[in-house]
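Each remark here refers to the structure printed beneath this line.
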Amino acid sequence: MLCEKILGNCADDGFSGKTVDYVDIPWDEAFKKIHRKVSAAGREVGIRLDDSILTRGLSQGDVLGVEGDTVIAVNIPPCKAILIWVDPFHPQMAAKVCYEIGNRHASLFWGEKENSFITPYNEPMLLMLSKLPGVEAQVREVKLDFDRRISASINAHTH
């Protein structure tokens, strides 16, 4: 099956009651135009999207195609990430955290709570964040939510 545009999201009313066959798209591939994947049900799926995907990205539940009563949708699997909390008594460290992550060209997301952030895992980043006063950093498996991104772009490029 060749998919050339995003038709909506699984949560949309037009897709309710349909079987969903997910295609795993790792977080660091969500902003690529061309993919060749195999769905959970074994369908070969070719994805060729226009340039708008370079800024929008694929998101959890995006519908790429419909085949009978089945929708082909995106699943962004969990990945190893660093969850970061800035102590309320060190609010200036939030700027330091954001600067250091951005300086390493890493992707950055808002966390669930105030003064919390998420960045994809790499060991040098974890070590650097762990040394900052008033900053706690832990590694966990999470699903990255691109609606909560702070970074202007998402990529797996690191230093």
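For region 75-157, chymotrypsin sites (Phe, Trp or Tyr not before Pro) meeting the loop criterion (DSSP other than H, G, I, E, B) and having at most 16 other Cβ atoms within 10 Å: Phe89.
With a probe of 1.4 Å, find how much accessible area the chain has per residue, and write the answer as a whole number in Å².
Accessible surface, normalised per residue, equals 55 Å².
Computed over all pairs of different Cα atoms, the Kirkwood value for the hydrodynamic radius of region 49-129 is 15.2 Å.
Taking Ala137, Ala40, Ala11 as the candidate residues, the one with maximal mean-square fluctuation in a Gaussian network model of the chain, Cα springs under 10 Å, is Ala11. Extending 7 Å from Cα along the Cβ direction at Thr55 and again at Ala40 yields two label points whose distance is 3.2 nm. In a DSSP loop and with at most 13 other Cβ atoms within 10 Å, the trypsin sites (Lys or Arg not before Pro) in region 31-101 are Lys33.
The simple Förster model, with R0 at 41 Å and r as the Cβ-Cβ distance, assigns Glu67 and Ser116 a FRET efficiency of 0.55.
About its Cα centre, the dipole of the chain is roughly 420 debye, where the only charges are +1 on Lys and Arg Cβ and -1 on Asp and Glu Cβ.
Helix-only arithmetic for the chain: the sum of -39500 (n - 2.57) across DSSP H runs with n ≥ 4, divided by the residue total, places the mean residue ellipticity at 222 nm at -4000 deg cm²/dmol. As a fraction of the 1.4 Å probe accessible area of the chain, surface on carbon and sulfur atoms comes out at 52 percent.
Only one item in (1) 148; (2) 103; (3) 115 matches volume of the Cα convex hull per residue in Å³ derived from the coordinates shown, and that item is (3). As a length-normalised measure over Cα pairs under 8 Å and 6 or more apart, the relative contact order of region 1-97 settles at 34 percent. Database remark: amide H of Leu108 closer than 5 angstrom to the amide H of Ile150, Ser151 (H placed geometrically; neighbours at sequence offset of 5 or more, or on other chains; Pro and chain starts carry no H).
The values are calculated or read from the model by the stated rules, or taken from the named source; none is laboratory data. A quick note: this is a predicted structure, and the numbers were derived from the prediction, not measured. For neighbour counting, all protein chains shown are included, and Cβ atoms are generated from backbone atoms with ideal geometry for every residue, glycine included. Side chains are part of the model used for accessible areas, which takes the heavy atoms of the whole protein and leaves out ligands, DNA and RNA. Shrake-Rupley method; radii C 1.70, N 1.55, O 1.52, S 1.80 Å.
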